[in-house]
Structure formats: structure tokens, C-alpha cells
Amino acid sequence: MHVTIFGTGYVGLVSGTCLAEVGHDVVCVDIDQRKIDGLEAGVIPIYEPGLEPMVRANHAAGRLKFTTDAAAAIAASEVVFIAVGTPPDEDGSADLQYVLAVARTIGRHLQAPAIVVDKSTVPVGTADKVRDAIAAELAARGVDIAFDVVSNPEFLKEGAAVEDCMRPDRIVLGTSSPASIERLRRLYAPFNRNHDRIVAMDVRSAELTKYAANAMLATKISFMNEIAGIAEKVGADIEQVRKGIGSDPRIGWHFIYPGAGYGGSCFPKDVQALARTAVQHGHEPTLLDAVESVNDRQKRHLFELAVRHYGGAAALRGKTIALWGLAFKPNTDDMREASSRRLVQQLWDAGARVRAYDPEAREEARRIFGDRDDLVLCDSAGDALQGADALVVITEWKQFRSPDFAQIRARLGDGVLFDGRNLYEPADVEAAGIAYWGIGRGRSI
Ligand code: NAD
């Protein structure tokens, strides 16, 4: 099938590439000329495992094209995806300006009947707005072309996006048109062979499903962080508690890790946007507000542990802190809303310097932080320890899991480790003569 995808970010580029991989003819449109030029030249703007060779192969095979020419792309497509960003507005609600700009573009250039598929995460009611925007442009042109707007929220995880896209858990399609479901069923058939993953529903339920999924996951994290806070106070170890509850199949092992707070481009903005939707419709989002405020507190927690260890924030002045990890989670270079950003700012405010290492987010960190005297972006985990007083681990990259604690002790001036993801056994760290601070580990009161 001939497909156009608006937006070549994490969702658009990965979805477009996977659709091309199974044989569809895909054109990816972006307004960022540099991104498109780069992609045409084989430069992949994001880090996502497995993506680069797949983009190159499908581009070389002629099934995956990149352009800024929206008109030509729309004219040749039977399915048009919207996969542009929906960042938070000032009041936390989703900013729909990019989505609606694409809708107007579609209306201006549509030549033949098509299905418009919304993959961006958008508040309930957005499909109606997209439909109205397209219809207004068609009316202005004085043409009548049939189109349907379908909500098809994306559930891929950064860091495993290609894998998730090739093997989705479910494919949610929100529309009242059986014909659209049938067409999209054909589009997704190669991903749907093993068993039927298509969950068809009305458009509003589909829009809400995406927010419900992310809000549930964020709630699990904040719940564990809440219990971790209690564990710390009462002298219990959250890691023991985690094992104790995860074995209950009603609770399960997934997503019950305490840590330095959730970040990324989705959970923070989606929890906020859902809360805004609730308020706008007269429903008080008590739980969602709590999920957010627990996360906000959690993002400040590592710094508070450092203050406790040093006996006050003033003692951090002039210290050099090694930071392992910058990305909001492993296997991505994405630093949007990353907990590292809050911590680095707090350390700078206290007069400390930072030596940071992240396997993939170095360029992103350079773009975000710029050149500063109090930040060194290092080439390796060991390099970050050079001349450092303390170590903070904030992203659970696999390569940080089994370090040589004796070497760490030898390099750290103050011999203290703050484990923001509970990667280590406190006893192993302490055996090397390093003071250990984790999240919710009551031993560290
Ligand atoms: P992104 O910021 O990485 O990419 C968005 C892209 O859209 C950019 O390249 C931008 O230049 C382009 N764009 C903006 N306006 C455009 C226009 N008028 N025409 C063409 N291109 C345009 O965003 P993302 O992370 O891929 O997220 C996209 C949407 O998918 C968001 O709504 C997000 O909430 C949702 N989502 C994201 C993820 C994720 O893990 N990143 C997962 C599921 C859903």
C-alpha cells in the first residue's frame, strides 16, 4: 500500500521504516529540512537499536523515501499517518498545533479518498478537530473528497521501538467505519499473522486508551517510589519488598522498580495532559495529580541523599560529581524530561561540577547544556570517575551493572556512591569501602 507519514521522530521514523520493511511504499514527510537531507544521506537522527540498518536497506530498496514535499506525498497515498509531536502546552494540556497543521496540509493537498490515521498521542476529541480542519480546507478548495480519521495510538517503547513495532502487543484502531478497519487490517496484516492483535473500538475510546496505558505505567512507578520513601523512613529495603510483591501474579514483576523518577517524552506530558482533560470535563484527577507530585519529589531525591551524606548542600560546593547516565532510560539518546537534567541543575546550583558519561546521549547533552566549565561530557564510565569525589548512577545502562568497585573506590575522592536505580547490592559496594546510598533502602537512613 502507498503510505505517507508526517513526522520523522521516534514514532514516525520507526513506524515508517517497519511498514517499508514489510513491503509497503512509504514516504516520510518532515518540515525539518536538515533531518530530511540527513535521512536521504543515511544519517539517522535518533539512536534506536536496529533502526539504522533497516532504514538504509529500505531506502536503498526504494520503499522508504524522505521528503519535505507534502503535496506530492499526499497525492500518492491511500493512508496518511500523523506522527508529529504533541508537547505540553503552558497549562499541561497537549499542544495540538503540529497535529492540526498537518491536518490542514492534508486538506490542502488531498486528491483522492484516503484514510488519515492519527498516531500522535492526542486528547479525546482530537479526531473530530482533525476531521474539521481537513474538511474546512477541502471546502475552501471547493472539492468533495471522502476521507476518514482513525485513531491508532502508538505503544512502542523508546529503546525497543523497532522490536515493538515489528511485534506489537496490540493494534488499537478507533473508528466507526468498518471499511477503514478493513483497509488498516490489510496494512497491518504482516504484523498480525501469529494471532489477531487488532482491537477495534470507537475513536474516543482509542484516544483515551493511550493515555490510560501511560498513566497506569506512571502510576506503578510512582506507587513504588512512594513505598520506597516509606521504606527509607521505617528501615526497610524496597528491593526486598519489590521481590515480595512481584511474585503475586495480580501485581507482577513489570514496572515495579523504584528509582530516580520517570522521565521521557511521554509519561510526564501524558499524565499531565490526561489530568487537564479530566479537569476540563469536570472530573478531579486526584490520583493522576498524586502520581505527578510523587514523581516530582522523586526527581529531587538523589540530590537530597547527597545533601544528607555531606551534611548540607553547602558542603557540595567545589565537589566534582561523576554521573553515569544522562538519557531518561537505557538504550536511547532521548533526554526529554530526564531525571539527570534536574539533578545536574541542582548540583550546579549547589556549586558542584559534573563529569557525566552516557553511552548514547552525549551529543544530546551537548545540545541541551551547551559548553560549560562545570560540565565535562566523558568518553567512558571510567573517564567520568577521574578526579571525581562521588558517583551517581542515574540511568540503568547494562554496562553499569557490574563495575569494579575497588577501582571505583580508588578513583573517588570521597568514596560515596548514590545508586539512583538500585543496581547494586549495598554489601558489595560497602565491601569495597564505598558508602552506599540507594532508593528506599532503609539501611541508608
Ligand atoms: P518527535 O519530537 O521525536 O518527532 C516529531 C517530528 O515531527 C519532528 O521531526 C518534527 O520536525 C516533525 N514535525 C512537526 N511538525 C510537522 C509537520 N507539520 N509536518 C511534518 N513533520 C512535522 O516526536 P515523537 O517522540 O516521535 O512523538 C510523536 C507523537 O507520538 C507524540 O504525540 C508522542 O506523544 C507520541 N508517542 C511517542 C512515543 C515515544 O516513545 N517517543 C511513543 C508513543 C507515542
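Only the coordinates and a few stated rules stand behind these numbers; no lab work does. These figures come from a predicted structure and were not determined experimentally. Here the Cβ is made from the backbone with ideal geometry for all residues, glycine too, and neighbour counts use every protein chain on show.
At what distance in angstrom do the alpha carbon centres of the stretch 350-405 and the stretch 226-266 lie from each other?
When both Cα centres are located, 26 Å separates them.
Would you tally the net charge around Ala431, using a Cβ to Cβ cut-off of less than 13 Å, leaving Ala431 out, and scoring K and R as +1, D and E as -1? Show your work: numbers first, answer last.
Details: positive: Arg409; negative: Asp404, Glu425, Asp428, Glu430.
Charge balance near Ala431 sits at -3.
Using only the Cα atoms, work out Rg/Rh for the stretch 2-199, with Rh taken as the Kirkwood radius, to two decimals.
Details: Rg = 15.9 Å, Rh = 16.9 Å.
Result: Rg/Rh = 0.94.
Excluding residues on the same chain fewer than 8 positions from Lys119, give the lysines whose Cα lies under 23 Å from its Cα.
Lys35, Lys65, Lys129, Lys157, Lys210, Lys269, Lys329
For the stretch 17-67, max minus min Cα coordinate along each principal axis, in Å, sorted largest first?
Principal extents (Cα only, largest first): 27, 22, 14 Å.
Compare the peptides 427-438, 338-349, 265-276 by average per-residue count of other Cβ atoms within 10 angstrom and give them in order, highest first. Walk me through the numbers before you get to the answer.
Details: 427-438: 17.8, 338-349: 21.8, 265-276: 23.4.
Answer by packing, highest mean first, reads 265-276, 338-349, 427-438.
State the percent of C-alpha pairs, over all pairs in the stretch 202-445, separated by a distance greater than 21 angstrom. Show your work: numbers first, answer last.
On the way: 17262 of 29646 pairs.
Of the Cα pairs, 58 percent sit more than 21 Å apart.
Over the Cα atoms of the chain, each weighted equally, I'd like the Debye log10 I(q)/I(0) at q = 0.12 Å⁻¹, rounded to two decimals.
One equal scatterer on each Cα of the chain leads to -1.04.
Count the net charge of all other residues whose Cβ sits under 12 Å from the Cβ of Asp374, scoring Lys and Arg as +1 and Asp and Glu as -1. Don't skip to the answer; put the middle values down first.
Numbers: positive: Arg317, Lys319, Arg353, Arg355, Arg372; negative: Asp349, Asp371, Asp373.
Net local charge, Asp374 excluded: +2.
In Å³ and rounded to a whole number, note down the convex hull volume per residue for the Cα atoms of the stretch 331-444. Could the numbers behind the result be given before it?
Numbers: hull volume 12.2 nm³, N = 114.
Looking at the stretch 331-444, the number lands at 107 Å³ per residue.
In debye to the nearest 20, how big a dipole does the stretch 2-199 give about its Cα centre with +1 on each Lys and Arg Cβ and -1 on each Asp and Glu Cβ? Walk me through the intermediate numbers first.
Numbers: 19 positive and 27 negative charges, 121 e Å.
Computed about the Cα centre, the dipole is about 580 debye.
Using only alpha carbon positions, build the gyration tensor of the stretch 60-167, then give the equivalent ellipsoid semi-axes as the square roots of 5 times its eigenvalues, largest first, whole angstrom.
On the way: eigenvalues 111, 82, 29 Å².
Value: 24, 20, 12 Å, ordered largest first.
Once you keep just the Cα pairs under 8 angstrom separated by 6 or more residues, what percentage relative contact order results for the chain?
In percent, rounded to a whole number, it is 12.
Please report, in whole Å, how far the alpha carbons of the stretch 188-271 spread along each principal axis, starting with the longest.
That works out to 52, 29, 19 Å along the principal axes.
I'd like the isolated cysteines in the chain, meaning no second cysteine's beta-carbon lies under 4.7 angstrom from theirs.
Lacking a cysteine Cβ partner under 4.7 Å: Cys28, Cys266, Cys378.
If one computes the Cα centroid of the stretch 1-45 and of the stretch 166-183, what distance in Å separates the two points?
Taking the Cα centre of each part, the stretch 1-45 and the stretch 166-183 sit 21 Å apart.
Rounded to the nearest 500 deg cm²/dmol, what is the calculated helix-only ellipticity per residue at 222 nm for the chain, with -39500 (n - 2.57) per DSSP H run of length n ≥ 4? Spell out each step's value before the answer.
On the way: 18 runs with 198 residues, N = 445.
After summing the helix terms and dividing by residue count, I get -13500 deg cm²/dmol.
Against the globular-protein guess of 2.2 N^0.38 Å, express the Cα radius of gyration of the stretch 133-214 as a ratio, rounded to two decimals.
Dividing the Cα Rg of the stretch 133-214 by 2.2 N^0.38 Å gives 1.28.
If the chain between Gln97 and Asp349 were fully stretched, how many nm would it gain, using 0.36 nm times the residue separation less the Cα-Cα distance? Numbers along the way, then the final one.
Details: separation 252, 0.36 × 252 = 90.72 nm, distance 3.46 nm.
So the extension gain works out to 87.3 nm.
If each residue's Cβ is checked for other Cβ atoms within 10 Å, how do Ile145, Ile74 rank with the fewest at the top? Please report the intermediate quantities before stating the final value.
On the way: Ile145 14, Ile74 24.
The order, fewest Cβ neighbours first, is Ile145, Ile74.
Please report the antiparallel percentage of DSSP beta bridges with both residues in the chain, rounded to the nearest 5. Mind showing how you got there, number by number?
Values: 3 of 48 bridges.
Roughly 5 percent of the DSSP beta bridges within the chain come out antiparallel.
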